[in-house]
1. So what J values fall out for the stretch 217-222 if you push phi through Karplus, 6.51 cos²θ - 1.76 cosθ + 1.60 with θ = phi - 60°, rounded to Hz, Gly and Pro as x?
2. Given points 7 Å out from each Cα along the Cα-Cβ axis, report the SER159 to SER75 separation in nanometres with one decimal.
3. For the chain, calculate the relative contact order in percent as a whole number, restricting contacts to Cα pairs under 8 Å that are 6 or more residues apart.
4. Pairs of Cα atoms under 8 Å, at least six residues apart: use those to get the relative contact order of the stretch 95-220, whole percent.
5. Please sort 205-217, 53-65 by packing, taking for each peptide the average over its residues of neighbouring beta carbons within 10 angstrom, highest first.
6. Under 5 Å between amide H atoms, partner at least 5 residues away or on a different chain: which partners does SER19 have, H built in plane at 1.01 Å?
7. Using a Förster radius of 35 Å, what is the FRET efficiency between ASN196 and ARG222 based on their Cβ-Cβ separation? Nearest 0.05, please.
8. SER138 to LYS5: FRET efficiency via 1/(1 + (r/R0)^6), r the Cβ-Cβ distance, R0 41 Å, to the nearest 0.05?
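Every number here is computed from the coordinates shown, using simple stated rules; none is lab data. The shown structure was predicted, so the numbers you read here are calculated from the model rather than taken from an experiment. Counting neighbours? That spans all protein chains shown, and the Cβs are built from the backbone with ideal geometry, glycine included.
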Amino acid sequence: MAKQKVTHYELLGVETSVSQKEIKAAYRNLAKSCHPDLDYQDQGKRSEATLQMKRLNAAYETLKDTRRRAEYDVSIGANGQRRSPKMKFDKSDTQESRESYLKRIFHPSRSNMVKVLGKYQHELKKLSEDIFDDALVSDFEAYLDSLEGALRKASEGLSSEKEPSSLEPAVRMMRHAIAQAVDGLDETRQFCKNYNYDHLAMADNLFKISIDLSRNALQLTR
């Protein structure tokens, strides 16, 4: 039996659902321990470290790029999705079933999420007038609650019914978009606790990634 190829996630020692921040941290930790520039007395160990470093770099270059990561996730059937060696004909995957799923589940889930995410900068600007004003903080936290609700509703919507097989790539990418937004929401809530602006910078990046992924998911439905 042929040995199963190690995935980029397994190489970095992380789960497929991890955030970009966790991927970066895992890569840095591993790179420190096997970098070929370390003082290796044994030439064989140096060569092995060089090869391992190349593997780590390849994994990180793929997973740090959101679009490449999404495509890679689809290729390996990440997050519990099993990928068949060959595409099988699905009798239920008709134009009618596709349009029905898109109209009832995909588009509403995506549109609501994007709509609430689109208010983020406006709500943040209002908070920036005085981050220590209790009323402004309360309003901002209420917005974050609404965002959390929209993300949960989108996730539950996509899980409520099995999508037609031809829409699987679009749904996977939407799930990835939701995951990025959830990570951004967590960062924003951390800012509300300690007012460390690094959390806002990370959240802003994660929300932008989420919007981009949702656009890519929409393209995959056409």
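1. With the stated coefficients, the stretch 217-222 comes to 4, 4, 4, 5, 8, 9 Hz.
2. With each label point 7 Å from Cα toward Cβ, the separation is 2.8 nm.
3. 18 percent
4. After rounding, I find 28 percent.
5. The peptides rank, most packed first, as 205-217, 53-65.
6. none
7. 0.30
8. 0.20
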